[in-house]
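The values are calculated or read from the model by the stated rules, or taken from the named source; none is laboratory data. All values reported here derive from a predicted model rather than from experimental measurement. Neighbour counts run over all protein chains shown; Cβ positions are idealised from the backbone, glycine included. In case anyone asks, the SASA skips ligands and DNA or RNA and just uses the protein heavy atoms, side chains included. Shrake-Rupley method; radii C 1.70, N 1.55, O 1.52, S 1.80 Å.
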Amino acid sequence: MNTVITEQIASEKDSLFPNLENLFCDINIHEYQNAMHKAQQSVIAFLEETHQPFSGVSPKELRKQFEYIDLNAPPISYDELFDEVNDLYTQHAVAFHHPKYVAHLNCPVVIPAVVAEAMISSINSSLDTWDQSAGGTLMEQKLIEWTCREIGFDQSSDGIFTSGGSQSNLMGMLLARDHFSIKFLNHNIKKDGLPKEAHRFRIFVSEAAHFSIQKSASMLGLGEQAVIKIKTDRSFRMNSVLLEDAVRKEIEAGNIPIAVVATAGTTDFGNIDPLINISGIAKKYNLWFHVDAAYGCALLLTEKHRHLINGIEEADSVTVDYHKAFFQPVSSSGFLVKDKNYFRLITHYADYLNPKDHDEDEIPNQVNKSIQTTRRFDALKLWFTLRIIGKKGLGSYIDRIIMTAREAVEALENDPHFELLNSSDISALVFRYSADPFKTFDLNRINTFIKSQLYKQGHALTAGTKVNGQFYLKFTILNPLTTIEDITSILNTIKKYGNEYIKVN
Ligand SMILES: *Cc1c(COP(=O)(O)O)cnc(C)c1O
C-alpha cells in the first residue's frame, strides 16, 4: 500500500477514541449488571408507588415536560436518566397489573416471561434464519407445534410467531387470497400481481369482527369493499344462516367468495362465533376458513372451557395472541396453518439469507414463513412461561377471570342503575349507566362523561365502545387479581359520576 495512505489511516485511528463501556460484551459485564440492577429498581418503584391504574395526566400537561429535553445535549448518567424516564413515562404509565384496570385487552404479564424478555434483548437472536438463531429456531418451532396440537391440528400443520394479531390476520387473508387464486383461477399472485377478478373477491366476517380484517383487505389490494359484514345474533355471534344467505347473494351478483373469518372471542363482547356451522359453510362453498382467536386462544389453556372453541381445528388458519390471553409481554403472537404447504405461497428466496438449497439440506429458515425478516425471539417468553407455570397453571388464571366476569354479570344484572348488553364467553362485558327513569337525559352523554371522569381520576379504567350508534362502557377483565369486590367498587364509582351528571345538568 502507498505509504501516504497508510500514515493517514494511522493518524485517523489515533483520533478515534470511542467510549466502548456501553457495548454489551464480556469486558463490560460489570456495567451490564449495574444498569440492569438500576432498571430493576426503577420497575420495583413503579410497582411500589403505583396505587391506581393511571395518574390521570393529560397529553397537554405531559407534553410541556418534553419541551425541555434536548436529545443532542451531552450524555447524562443512569441515575439522571431513570429520574427523567420516571417523570416522562413510568409515573404515568398505565398499570395493566392493577386489579382496577379493566379497559382494553391488555393482560398483566408473568414474571418468567419478563425474565425471558431480558435475555431476548441481550442475546438478541434474530429468528429469520437458522444461521442467526440456531436453538432459538427450534424452540420457536416446538412452541408452534405445541400450539398446533392444542388447536387440534395434526403433523401437517405449521406456524410462525408474529408481531400481533393484526399481522396474523393479514397473513391469513394473504394466504386465503393467493391460495384461492392459484387453485381456482390458475393465477399466481406472488408472481403476476392481482388477477382481473380481484375486485370481485369477497371475505365474510361478523359485524363484531376486528377491524384488522378490513385493513388487511385494503392492504391486499382487494379494498374494504371486499369485506361483507354479517349481522350478529342477540348474543353478538355471527348468524350462520345469514352468512350462507350472504355468500349466495354475492355469488348471484357475480362476485367471488374466497374466505370467511370467524372470531373466537370478539374484542368487544368476548363471544365466539359458531365455529362448527361456519366451517360447514366454508367447506360447502370452498372458502378459506380463518379463525381469529386473538382473544379466545385463552380457552386453549382451560379444560373447563375448552369446548367453547370446538371447531377451531377445522380452520385453514388461526390467529392467536399470546400477548392478550397468555399473560405475555408485548409482542408475542402466532399464526398457525392446518397445512404447512400453504406457506409456500409467500416464500421468497434470497441468496444472501435463505437460498433455496437450504430447503433441500433441511436447514430451517423461519423467514420462509414470515412477512417479517429480522424477527424477535418472542418465543422464549412463552417457553419460560410454560416451563415455570405450565399450561394448567395458566389455565387456572383464565378460569378465575371467567368466573369473575360471570360474577360481574350478576352484579350488573341485579343493579337497576345499569343496562348490560351481553354475557361473555370469556370476560368482556358491554354495559351502560342507565339510571334515568324519566329518560330526560341523553345516555350517550352521561356514559361519555363517566368514561372521561374515570380517565381523569385514574382510580379505575374501563373502555368504551359503540353498539348500534349508542355509547357503552366496557369491562375487559384479564387480571386474575381482579375480584368481584373490585368490580363492585368500580360500579359504585361509575354510579357516583352518573348521579353527579344528573344532578348538575
Ligand atoms: C386485539 C385483536 C386483534 C389485533 O391484535 P394485535 O395484537 O393488537 O395486533 C385481532 N383480533 C381480535 C379479535 C383482537 O381482539
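With n ≥ 4 as the cut-off for DSSP H runs, can you work out [θ] at 222 nm for the chain, using -39500 (n - 2.57) per run divided by the number of residues, rounded to the nearest 500?
Working: 17 runs with 218 residues, N = 505.
Helix contribution divided over all residues of the chain: -13500 deg cm²/dmol.
A 1.4 Å probe run over the chain, with the rest of the protein chains in place, finds 50 Å² accessible per residue. How many percent of all Cα-Cα pairs in the chain sit more than 35 Å apart? The calculated P(r) of the chain puts 44 percent of pairs beyond 35 Å.
Would you list Tyr433, Tyr349, Tyr397, Tyr501 from the most to the least accessible area, probe 1.4 Å? Mind dumping the intermediate values first?
Details: Tyr433 0, Tyr349 95, Tyr397 70, Tyr501 30 Å².
Accessible-area ranking of Tyr433, Tyr349, Tyr397, Tyr501, largest first: Tyr349, Tyr397, Tyr501, Tyr433.
Determine by what factor the alpha-carbon radius of gyration of the stretch 152-354 differs from 2.2 N^0.38 Å, reporting the quotient. All intermediate terms of the calculation are to be shown ahead of the outcome.
Values: Rg = 16.2 Å, N = 203, 2.2 N^0.38 = 16.6 Å.
With N residues counted in the stretch 152-354, Rg over 2.2 N^0.38 Å equals 0.98.
Taking only C-alpha pairs under 8 Å that are 6+ residues apart, what is the relative contact order of the chain in percent? Mind dumping the intermediate values first?
On the way: 848 pairs, mean separation 99.2, N = 505.
Reported as a whole number, the value is 20 percent.
For Glu7, the solvent-accessible surface computed with a 1.4 Å probe is close to 130 Å², ligands and nucleic acids excluded. Taking other residues whose beta carbon is less than 14 angstrom from the beta carbon of Asn414, and scoring Lys, Arg as +1 and Asp, Glu as -1, yields -3.
Is the C-alpha gyration tensor of the stretch 3-93 telling us rounded, prolate or oblate? Criteria: a/c under 1.5 is rounded; beyond that, a/b larger than b/c is prolate, otherwise oblate. It would help to have the intermediate numbers written out before the result.
Working: a/c = 5.28, a/b = 2.03, b/c = 2.61.
Verdict is oblate for the stretch 3-93.
Where the only charges are on Cβ atoms (+1 Lys, Arg; -1 Asp, Glu), what is the dipole of the stretch 205-318 about its Cα centre, to the nearest 20 debye? Working shown, then result.
Values: 11 positive and 14 negative charges, 24 e Å.
Here the size comes out at about 120 debye.
Of the residues Ala435, Ser489, Ala463, the one whose Cα sits farthest towards the positive end of the charge dipole of the stretch 400-498 is Ala463 (charges of +1 on Lys and Arg Cβ, -1 on Asp and Glu Cβ, taken about the Cα centre).
For the residue pairs Lys196/Lys283; Lys249/Lys340; Lys466/Lys495; Lys191/Lys284; Lys439/Lys466, alpha carbon separations beyond 22 Å are given by Lys196/Lys283; Lys249/Lys340; Lys191/Lys284.
Which helices, taking whole DSSP H runs in the chain, have alpha carbons extending 20 angstrom or more along the helix axis plus mean Kyte-Doolittle at least 0.0?
On the way: long enough: 29-49 (30 Å, -0.47); 135-151 (24 Å, -0.26); 165-185 (29 Å, 0.27); 390-413 (35 Å, -0.09); 443-457 (21 Å, -0.65); 484-504 (30 Å, -0.19).
Helices passing the filter in the chain: 165-185.
For Lys38, the aspartates and glutamates whose Cα falls under 19 Å of its own Cα, not counting residues fewer than eight places away in the same chain, are Glu21, Glu48, Glu49, Asp79, Glu80, Asp83, Glu84, Asp87, Glu117.
Would you mind classifying the stretch 154-259 by shape? Square roots of the alpha carbon gyration tensor eigenvalues, ordered a ≥ b ≥ c; an a/c under 1.5 is rounded, otherwise it is prolate if a/b is larger than b/c and oblate if not. Oblate shape, in that a/c is at least 1.5 and b/c is the bigger or equal ratio.
Would you list Arg387, Arg200 from the most to the least accessible area, probe 1.4 Å? Walk me through the numbers on the way to the answer.
Numbers: Arg387 185, Arg200 80 Å².
So, going from the largest accessible area down, we get Arg387, Arg200.
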